[in-house]
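To start, the structure under review is shown below, and the notes come after it.
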Amino acid sequence: MTVAIDRATGKRRGEPGGRPGRLTRLRQSYQRYWYAYAMIAPVVVVLGVLVLYPLARGFYLTLTNANSLNSARTIGVNRIEATYEFIGFDNYADILWGPTAYDRFWSHFVWTIVWTALCVVLHYVIGLGLALLLNQKLRGRTFYRLILVLPWAVPTFVTVFGWRFMLADGGVINAALEALHLPAPLWLEDTFWQRFAAIMVNTWCGVPFMMVSLLGGLQSIDSSLYEAAEMDGASAWQRFRYVTLPGLRSVSSTVVLLGVIWTFNQFAVIFLLFGDTAPEAQILVTWAYYLGFGQQPRDFAQSAAYGILLLAILIVFTSFYRRWLNRDEQQLAI
C-alpha cells in the first residue's frame with residue numbers, strides 16, 4: 001500500500017492536523033456564530049453597565065475608608081476631590097471581628113437567618129396547602145385563585161403601607177383585639193412584635209408566588225399515578241408522601257432557592273414597615289442601607305462591604321444547596 005506524504009509538512013495526506021490555536025478557534029467561532037454574538041451584545045453591555053461596573057466599584061470601595069466626608073462632591077460651584085485612602089481588608093475585619101462586631105453584624109446576621117428560614121417555611125407550607133385546595137374540583141375555583149393571587153399582584157409598597165396602617169396603635173387589628181378584650185401588642189414599637197409583624201407581612205406578600213408555582217407543579221403530575229396508588233390501597237397521606245412530594249421535587253427545589261434569595265435580600269418589607277425606627281428588626285440588607293444612607297456621616301465603605309458579604313453568603317449557600325440537590329438526585333436514581 002502506498003502512502004502519500006506532503007513534502008511541505010511531512011505529514012501523511014488525509015491525516016488530521018493539530019488543534020488550531022485559540023485565536024483561530026475564536027475567529028472561526030465568530031464567523032460561524034456572529035449573528036448570535038450580535039444578538040447578545042446589547043444584553044452584555046447593559047449587564048456590564050448596570051451590574052458588573054457597580055459591583056466592581058463597590059468592591060473597590062470596601063478596600064477604602066470612603067464616607068460622605070472624604071468622597072468627591074460638589075458644593076455650589078466648588079468641586080472637592082476625594083481624599084479617602086486605601087486600607088485593604090480592614091473593613092471586613094472590623095465588621096466580622098471588631099469591638100462592635102456583634103451589635104453591627106452578627107446580631108443582624110442571626111436575625112436575618114431566622115427571618116429567612118421562618119418566612120420560606122411559611123411560604124412553602126401555606127402555599128402548598130392552598131395549591132392542594134385549588135387543585136381540587138371546587139365551584140368558583142377561578143375566583144379563589146384570583147383572590148389569592150392579589151397580594152402578589154398588588155405593588156409591594158401599597159401592601160406594606162396598608163399593613164402599617166392596620167398595625168398602628170389605633171389601627172384595625174388592635175381595635176379588633178380590644179373589642180375581643182385581648183391585649184393589643186405594640187406591633188411597631190416592641191422588638192418581638194416588630195419581628196413578628198415583619199414575618200407576617202412578608203408571608204402575606206410571598207405566599208401567592210409559592211402557591212402559583214406549586215399549583216403548576218401539581219397539575220403536571222400524571223393523574224394515573226394517584227389512581228394506581230389508590231388501587232393499591234394507599235391512604236391520602238401515603239399518596240401525598242410518595243406521589244405528590246416526589247412529583248414536586250424539581251419545582252420545590254427551584255422555588256425554595258428563589259424564596260431564600262428573595263427573602264434574604266427583602267429590603268422593601270422591613271424598610272417600608274419600620275424605616276430606621278426598629279434597629280433590632282433590621283436585616284443585613286436594610287442595615288447596610290442604613291450605614292450608607294441613613295446616618296451621618298454616611299459610611300460608603302462599610303455599606304459596600306456588607307453588600308459584598310451578602311453576595312458571598314448567597315453564593316456559598318447556593319453552591320451547597322445545588323450540590324446537596326444533585327447528590328440527593330443521584331441517590332434516588334440508584
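Summary of computed values
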read-out	value
Scattering profile of region 188-235 at q = 0.14, 0.25, 0.27, 0.32 Å⁻¹ [log10 I(q)/I(0), Debye over alpha-carbon scatterers]	-0.59, -0.87, -0.92, -1.02
Accessible area expressed per residue, region 231-334, with surrounding protein chains retained (probe 1.4 Å, Å²)	55 Å²
Loop-exposed GluC sites (Glu not before Pro) per DSSP, neighbour cap 10 Cβ within 10 angstrom, longest uninterrupted part of the chain	86-334
Full-stretch length increase - Thr318, Ala36 - with 0.36 nm per residue and alpha-carbon distance subtracted	98.6 nm
Percent of Cα pairs exceeding the 16 Å cut-off, where the set is region 117-179	64 percent
The chain, helix-only ellipticity at 222 nm - DSSP H runs n ≥ 4, -39,500 (n - 2.57), divided by all residues, nearest 500	-21000 deg cm²/dmol
Kirkwood-based Rg to Rh ratio, the chain, C-alpha trace	1.12
Against the rule of thumb 2.2 N^0.38 Å, how large the Cα Rg of region 75-203 comes out	1.61
5 Å binning of all Cα-Cα separations within region 178-287, expressed as whole percents from 0 upward	2, 10, 15, 14, 12, 11, 10, 9, 8, 6, 3, 0
Highest-MSF residue in the chain out of Ser319, Ser68, Ser252 [GNM, Cα springs under 10 Å]	Ser319
The chain: DSSP helices with Cα axial extent of at least 30 Å and average Kyte-Doolittle hydropathy no lower than 1.0	107-134
Relative contact order, percent, the chain [alpha-carbon distance under 8 Å, six or more residues apart]	22 percent
Directionally averaged projected area (convex hull, Cα atoms, region 81-152), nm²	9.2 nm²
Projected-area mean, region 41-138, by convex hull of Cα positions, square nanometres	13.2 nm²
With every protein chain in place, region 206-334: carbon and sulfur % of accessible area (1.4 Å)	60 percent
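The values are calculated or read from the model by the stated rules, or taken from the named source; none is laboratory data. Treat the numbers as computed from the prediction; the structure is a model and nothing was measured. Here Cβ is always computed from backbone atoms with ideal geometry, including for glycine, and neighbour counts include all displayed protein chains. Only protein heavy atoms, including side chains, enter the accessible area calculation; ligands, DNA and RNA are left aside. Shrake-Rupley method; radii C 1.70, N 1.55, O 1.52, S 1.80 Å.
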